[in-house]
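All of the numbers you see were taken from the coordinates with simple rules; none came from a lab. It should be emphasised that the depicted structure is a prediction, and the values quoted were computed from it without experimental measurement. Note that we place each Cβ from the backbone using ideal geometry, even for glycine, and neighbour counts take in every protein chain shown.
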Amino acid sequence: MSPNDTNAGGSSALDRLASGVGVALRTSAVAALMGLRWGLGRNGIDRKGIPAPRWDARLFSKVALDEFFLATELVSAPFVSARDSTRVGRELAQAIRLYQERGWLDDPADYHRTPPQLERFELEEFRSAWVDYRHLRYESEYEPHPGEPGRERWLGYAANRTAHARLLQHRGGPRPWLVCVPGYRMGQTIVDFTGFQARWLHRHLGLNVAIPVIPLHGPRRIGRRGGDGFFTGDFIDTVHAQAQAVWDARRLIGWLRSEGAAGVGIYGVSLGGYTAALLASLEHRIDCVIAGIPATDFLRLMQAHTPPFLLKLAALVGLSVDNIQRVLHVVSPLALTPQVPRERRFLFAGLADRLASPDHARDLWQHWERPHLTWYHGSHVSFLWEDEVKDLLQRALSTCGLVSQSQALTAGANLDRAEAEAY
């Protein structure tokens, strides 16, 4: 064995040891963090302007689902290694210099380029016992700006360079499309169709439905699970992921319009709510935007859910909170002016949401000039079965003319039957 081989093996062993220690530390931190979160109750958030939840056994059970999801993330989700933290800090400093030189920190909209029209694509038919759909594939063609930190690394994520969307389309003449932008860890067909109640939207509301796969998820994943790499602490990758999510969605919207769409609405949940809010500020070809249980501040989200020892470690290795916030500014929906008219903006959020806490939705609501916002007494995960969410969807889609009032009323009457059908 050569000396280089020996060093490589030693390095690999050290990496495995460091990884094992990290998992052990995170595992031991979970109980303490969960106890702190439950003890605080409000999770330390600013609840000014947010109604108080009515705590009972049912609400506690909903909150438990959120906490279970978070606990699995803390134990198993990958984080940037201590070895890479120096590179991350260096890339943040380089990005700030570039963004300042180009004026993007003052005008984040200029950071986002208008993508080319989608002309080359593949469509494949899929049939199943629960729904038939078409799978759209096309080359994303997104690239970070020349000279932008992390550009070559991002372009090296081969699977992520192909964009995907799953389509439910009625036969016959043009109909409105609803583009449903999934959240973090989504991206699988059954998960996305269930999460958006796609069959109900398609069959009972009469909409065509398009569900894109966001970067690093589903067939675009680069890690063990879909979503790995989006929130690992590699903040330049987070910027590229979010910028590409908007780029790909804008190309999809343009293609739907070119195919004769009678209208296009955007509906995003969680991380998809963040993307929907960005789209509402960058894309003028949108008739309606619905931001559900949205995250609106990535840094605040990470600070709320990262074990304290990792936050202290980040500060020790020079990852400045100020630098992180400045870099993320170019992809922040709170830094951009919405182009969709106020009366066509809608939000819903859970009063006991433990993943994207309700202050995120409140801040977007205020930034959006206080359009219609529906609060429900539930958590992040419980949006799936909350009656208030279904009512808001029907109200928004009928108000914006994507479905008629009669369709919305019929859909409401048929919703329980649709839910009873197995996906």
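Cross-link reach is defined here as a Cα-Cα straight distance under 18 Å, omitting same-chain residues fewer than 8 places apart; for Lys390 the lysines meeting it are Lys62.
Shown in residue order for segment 264-271 are the 3J(HN,Hα) couplings computed by the Karplus curve 6.51 cos²θ - 1.76 cosθ + 1.60 at θ = phi - 60°: 9, x, 10, 9, x, 10, 6, 4 Hz (x for Gly and Pro). Over the C-alpha trace of segment 82-420, radius of gyration and Dmax come out as 19.4, 61 angstrom.
Measuring r between the beta carbons of Phe309 and Asp387 and using R0 = 41 Å, the FRET efficiency lands at 0.50. Counted by neighbouring Cβ atoms within 10 Å, the residues Lys62, Lys390 run from fewest to most as Lys390, Lys62.
Computed from phi, the 3J(HN,Hα) profile of segment 212-223 under the Karplus parametrisation 6.51, -1.76, 1.60 (θ = phi - 60°) reads x, 9, 6, x, 6, 10, x, x, 9, 5, 10, x Hz, with x in place of Gly and Pro.
Coupling constants for segment 178-191 follow from the phi torsions by the Karplus curve (6.51 cos²θ - 1.76 cosθ + 1.60, θ = phi - 60°), and in residue order they are 10, 8, 9, 9, x, x, 4, 6, 7, x, 9, 3, 5, 5 Hz; glycine and proline get x. Residue separation of Thr72 and Glu101 scaled by 0.36 nm, minus their Cα-Cα distance, works out to 6.4 nm of gained length. Taking amide hydrogens as modeled 1.01 Å from N in the peptide plane, which residues meet the under 5 Å criterion relative to Leu355, leaving out close sequence neighbours? For Leu355, the qualifying residues are His380. Sparse packing (at most 15 other Cβ atoms within 10 Å of the Cβ) combined with a DSSP loop state is found for the following trypsin sites (Lys or Arg not before Pro) in segment 232-312: Arg285.
Bridging of Lys312 to lysines at a Cα separation below 29 Å is possible for Lys48, once same-chain residues fewer than 8 apart are set aside. Put in order of Cβ neighbour count within 10 Å, fewest first, the listed residues Thr296, Thr189 become Thr189, Thr296. Going from the residue with the fewest nearby Cβ atoms within 10 Å to the one with the most, Cys400, Cys180, Cys288 rank Cys400, Cys288, Cys180.
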